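Note sheet for the following structure.
The values are calculated or read from the model by the stated rules, or taken from the named source; none is laboratory data. This one's a predicted model, so the numbers in the text were calculated from it and none came from an experiment. Note: ideal-geometry Cβ built from the backbone for every residue, glycine included; neighbour counts use all protein chains shown.
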């Protein structure tokens with residue numbers, strides 16, 4: 001069954017990275033400079049984030065990579081059914097290979113990366129690849145960003161709250177600096193469980209904000225509904 005958004009549909013049955021709130025948040029919040037043209041998505045899964053960015057920014061030319069062949073095939077089909085087929089290219093490729101072989105740099109890079117470094121691995125090996133960092137450690141991800149991000153570009157990433165401190169430290173090692181952070185709270189009576197980071201090559205004062213997803217009665221907050229209004233039916 002396809003997930004229906006206002007301007008496109010996404011099928012994720014064969015993808016290792018399913019449609020979820022993390023991807024929707026990143027696709028709705030990430031932005032580059034007004035003249036940004038080239039975007040890279042790392043670990044595209046079913047292609048949702050790239051489709052959202054294509055809808056939001058009509059000038060973007062998007063390349064999206066993933067190491068899972070079935071995910072890539074599904075993303076290709078989702079893109080083919082959209083109105084932005086000529087602006088999104090899906091490739092089965094690892095970030096390590098791209099960083100090693102390409103001299104191209106991007107103005108905008110997005111990733112909803114594998115992030116569980118020390119937790120139990122799920123039984124499904126493809127889900128393991130999408131959620132666990134054995135195939136792409138944080139150090140490898142940030143080394144790739146250091147190579148592929150333009151000097152004035154921006155890298156946007158969503159992470160679990162409990163991994164963000166180590167990620168910040170690793171970013172600094174690779175001459176990358178957090179310039180914006182958004183703490184995501186699932187509910188008003190719960191601690192934040194996700195953080196969205198904007199990372200750049202220039203050290204600037206960090207701006208911090210918060211986003212609440214659900215009210216105490218489990219309804220969506222007005223802020224979240226406004227954020228996703230252009231996408232959700």
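For the condition surrounded by 16 or more Cβ atoms within 10 Å (Cβ to Cβ) and either out of contact with any helix residue (DSSP H, G or I) (no Cβ under 7 Å at 6 or more places or on another chain) or farther than 25 Å from residue 226 by Cβ (or both), what is the one hit in 32, 47, 20, 27?
Result of the check over 32, 47, 20, 27: 32.
Tell me which of these residue 19 doesn't satisfy, since it passes every other one: (1) under 25 Å from residue 212 (Cα atoms); (2) in contact (Cβ under 8 Å) with a residue 40 or more places away in the chain; (3) under 17 Å from the mean Cα position of the chain (by Cα).
It fails just one condition, (2).
Pull out all pairs, ordered by first then second residue, where Cβ-Cβ is under 6 Å, the residues are six or more apart or on different chains, the first lies in the range 212-233 and is in contact (Cβ under 8 Å) with a residue 60 or more places away in the chain, and the second is surrounded by 15 or more Cβ atoms within 10 Å (Cβ to Cβ) and assigned to a helix (DSSP H, G or I).
Correct list of pairs: 213/224; 227/28; 228/28.
Could you please find all residues in the range 220-233 being in a loop (DSSP other than H, G, I, E, B) and modelled with pLDDT of 95 or more?
221, 228, 229, 230, 231
Look through the range 150-159, keep the residues that are crowded, with 16+ Cβ neighbours inside 10 Å and more than 13 Å from residue 111 (Cα to Cα), and return whichever of them is nearest to the chain's Cα centre (by Cα).
The extreme case among them is 153.
Report, by residue number, each residue of the range 192-209 that is part of a strand (DSSP E or B) and either exposed (fewer than 12 other Cβ atoms within 10 Å of the Cβ) or in contact (Cβ under 8 Å) with a residue 40 or more places away in the chain (or both).
Correct list: 194, 196, 197, 198, 199, 200, 207, 208, 209.
Restricted to the range 64-84, and to residues that are surrounded by fewer than 17 Cβ atoms within 10 Å (Cβ to Cβ) and touching a residue at least 40 places away in the same chain (Cβ under 8 Å), which residue is farthest from residue 11 (Cα to Cα)?
Filtering the range 64-84 for residues that are surrounded by fewer than 17 Cβ atoms within 10 Å (Cβ to Cβ) and touching a residue at least 40 places away in the same chain (Cβ under 8 Å), the one farthest from residue 11 (Cα to Cα) comes out as 83.
Within the range 1-16, how many residues turn out to be touching a residue at least 40 places away in the same chain (Cβ under 8 Å) and in a loop (DSSP other than H, G, I, E, B)?
Final tally of qualifying residues: 9.
For the range 18-51, name all the residues that are part of a loop (DSSP other than H, G, I, E, B) and within 12 Å of residue 78 (Cβ to Cβ).
Within the range 18-51, 19, 44, 45, 46, 47 meet the criteria.
Return the pair list, or none, for Cβ contacts closer than 6 Å from residues in the range 128-153 that are farther than 17 Å from residue 32 by Cα to residues that are at pLDDT below 95 and in a strand (DSSP E or B), at least 6 apart or on different chains.
Qualifying pairs under 6 Å: 131/116; 132/116.
Filtering the range 53-70 down to residues that are in a helix (DSSP H, G or I) and touching a strand residue (DSSP E or B) at 6+ places or on another chain (Cβ under 8 Å), which residue is nearest to residue 95 (Cα to Cα)?
69
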